[in-house]
Structure formats: structure tokens, C-alpha cells
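No value in this document is a laboratory result; all are computed from the given coordinates. Because the structure is a prediction, the values reported are computed rather than measured. We place every Cβ from the backbone using ideal geometry, glycine too, and count neighbours over all the protein chains shown.
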Amino acid sequence: MLVSVIIPNYNHEIFLAQRIESVLQQTYRNFELIILDDASTDNSGEIIEKYRGHDEVTHIVYNAKNSGSTFRQWQKGIALAAGKYIWLAESDDIAEPGFLEACMEKMETDPSLVLVYTNSKIIDERGEVLHKDLSFWYEDISAERWANDFINEGRAEIREALSLKNTIPNASAVVFKKNFFTEALGFRFCGDWIFWIKLLEGGNLAFISEPLNQFRTHVNTTRYSENSVEKSRRFLKERAIILNYLERKNLIERRSFRLKRAQIIYDWKHLFTITDIIKKDFYIPFKSAAVFGEFIFFKAANGCKRVASLFSKTF
């Protein structure tokens, strides 16, 4: 087989059969299917077992303990994959029957490509279409760029798009070359973003404007997990790591770097406390003593304001 399709599942029993069927019904047939379950606590296993012995299903693997990371599951699936190309078909999304055929037509006619991705519809948990495509996601960069198919040199795509935001927001819409896989462990929210960046350092990208992927949004996704200060801090740390990586590899324009660094430092000052200084990863966005001093001054000034406010209320 040429393509290895990996479905990493965790507690998506209500979507899982539809997802598996959308893979098995692809018009492109040269693929294997690997199903991974990350210790689901629902009835996912019962659904998965119905496909044991299916001609295209080469591996079914259950974790005894939840890995805590989608990206660990990606790594496990890719280690099992026999194909030259990988499709990470997230268990709550759906593909149009022609998705894989369209991606592979691009891949097999241009050896410079390491990644092909399609536009996506946004659907809710009932399958209702919320957005007919991702034009709303791209409009702050370009209202026209993603309206048509295009091919771009990988490093140019990083500078023009991925250095600004994650312009490939759903792994289910992507097919990539297996031998360009690189780990994204240690990330909770932005692992796919840094993964696409590293992948495109090694080759080019093609975009298909037709929305052949259906990207599901619902309350159980990471994006809609209950907010907390700790989650916000972790997301900010990951943004800082990516920004520093882009700057180190000369993959971001200087003006964009300065603006994004200033925003991260601003957010950092508001999210972290003086006691966080003892934490190892606290210093991620601070590359100079001046910036660290700015953080200390900001916290000291805020502390003085609070004391002054209490003092004025007392007297």
C-alpha cells in the first residue's frame, strides 16, 4: 500500500463509525488503515472490533493507559505505518470520498511536495455545517489566497502564512510524506503547528481549495476544553517556543517577529506571577535581562498599586 491512514481515537464512540466508514469509502484504494485507541472509557472498543479482520485494517492497538497526548498517538501510528504517505484521520472528523484521490493526484505528480492539504467545512457534533470552508480563518492574512488551489515552496509558506498563525488547523485535511515525520512531543495545543513548520523545511506544499474534509467542532475537543489559567499559560509557552524556533531558523519576517514577541511578553506579564520565576520554563520568552527586568518592574508596580488601593480604602 502507498498510504497509511491512522485513526487515533479517544472517547469518540458517537463519531467513530462514521469516521471509519468515510475512510473505507475512499475512491483511492491503495491504503492501509491503522486504528489506535488511547484507553477510551466509552464504547469505542465495541465499534472498533467490528472492523477487525477487514481487508484494509492492518493494525488495531489499544492503550492500557491514556497517553495524555494526541502527538504520542501520531508517533505510535507512524511507527506502525507501511505506507510512503501518511493521513492522520482524526476520529471525530469526516472525509469526502474523493479526499485521498485528490491529495494523491497532487503528491504523485510533483515529487517536490512533502505535504498536501485541502480546504475544510466546519461541522458541529450533529454534522450540521457551521462554515462552508475556512475562509473566515484566513481572512486576516488574505481574503483571496486560499480561494484557489496553489503550490508554494515550503520555507516561503512558513514565512508568508505559518509564521503568522496555524494555517493548517486540522490534521485530518493533510496527507504528508512519512520520511519527513518529526516529533512534536511536549506540546499540548500547538504540536500540529510546529509539526507542519518542521515538515515544510524539507519540501513544498500544495493546497486544494475544495473542502474535501469536514472538521468537527464540539465541547469535547481540546480547543473547547474548560479554560483555566494553567491551560492559558501552557498555550502561551508553546506559542513562545514556536516563535523562538522561527526566529532561530530565519523563518519569520523581523517585523512580524517583533510584534508577536511583544504580544507574548505582554500576555506573559499578565499570566505569570513572581513565584513562577523558580520554574525552569518560565524564561522561554525572555532573551535579555532588560525584558526580565521589565517583568519584575511590571509586577512590582502592580503590587504597589494594590497596596495603595487598600491603603486608600482603609483611610
Among what's in segment 111-120 and is in a strand (DSSP E or B) and of a type outside the set (Val, Ile, Thr), pick the residue that is surrounded by the most Cβ atoms within 10 Å (Cβ to Cβ). Leu115
Among the listed residues Asp38, Asp42, which satisfies the condition of being more than 20 Å from Val116 (Cβ to Cβ), touching a helix residue (DSSP H, G or I) at 6+ places or on another chain (Cβ under 6 Å) and surrounded by fewer than 16 Cβ atoms within 10 Å (Cβ to Cβ)? Asp42
Scanning for something in a loop (DSSP other than H, G, I, E, B), surrounded by fewer than 17 Cβ atoms within 10 Å (Cβ to Cβ) and without any contact (Cβ under 8 Å) to a residue 24 or more places away in the chain, does segment 169-184 turn up at least one residue? yes
So is Thr58 without any contact (Cβ under 8 Å) to a residue 60 or more places away in the chain and polar (S, T, N, Q) or not? yes
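Would you pick out the residues in segment 58-110 that are part of a helix (DSSP H, G or I), of a type in the set (S, T, N, Q) and within 22 Å of the chain's Cα centre (by Cα)?
Result: Thr70, Gln73, Gln75.
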Is it true that some residue in segment 122-132 is farther than 24 Å from Leu236 by Cα and buried (at least 16 other Cβ atoms within 10 Å of the Cβ)? yes
